[in-house]
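What follows is a set of notes on a single structure, which appears directly below.
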Amino acid sequence: MQVQVHADDSIQGGESLAQWAQEEINAKLARFKDYVVRVEVFLTGVDALKTSGAPGKRCVLETRANGRPPIAVNAEAEKVKDAFNAAIEKLKRAVETDLGKLKDKNGRESVRGVEDGTEVDAASPA
């Protein structure tokens, strides 16, 4: 899984921050390594948080998966670590939901694209 970290001038940490973010993503998204191809991390400072009005940090995570549209989540907090951890939890849930859409409720592959030769007429009684 490829991880790219982008930070604006208000975020301190440089290479060590990028290394930490890469290790965290690889650890927390390890079970999705066959599904997720790339994760991009965008860290920025915000002038005022929605909750407290104090300056804070924003973390936006965007993931690219095999054959699926990109998934993006964001989180804001007073510290970079808190914003990053909140965003990674949101991303895990979003990826799980996206994977769940590929399978039906019984764990089988979706009927889209599957042709077994039988059709069910919705108008006929069961």
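The values are calculated or read from the model by the stated rules, or taken from the named source; none is laboratory data. In this text, all values refer to a predicted model and were calculated from it rather than measured experimentally. Please note: Cβ atoms are built from the backbone with ideal geometry, for glycine as well, and neighbour counts cover all protein chains shown. When the accessible area is computed, the model is the full protein with side chains, heavy atoms only, and any ligands, DNA or RNA have been set aside. Shrake-Rupley method; radii C 1.70, N 1.55, O 1.52, S 1.80 Å.
Of note:
- Exactly one residue out of 89, 62, 78 is in contact with a Pro (Cβ under 6 Å, 6 or more places away or on another chain), at pLDDT 85 or above and acidic (Asp, Glu): that is 62.
- Residue count for the stretch 35-51 under the criterion of being assigned to a loop (DSSP other than H, G, I, E, B) and either at pLDDT 80 or above or open to solvent by 70 Å² or more (accessible area, probe 1.4 Å) (or both): the result is 4.
- Residue 103 vs. criteria touching a helix residue (DSSP H, G or I) at 6+ places or on another chain (Cβ under 9 Å), at pLDDT below 95 and either on the phi > 0 side of the Ramachandran plot or open to solvent by 80 Å² or more (accessible area, probe 1.4 Å) (or both): no
- Considering the stretch 1-33, the residues that are closer than 27 Å to residue 99 by Cα and without any contact (Cβ under 8 Å) to a residue 12 or more places away in the chain include one that is most open to solvent (accessible area, probe 1.4 Å), namely 31.
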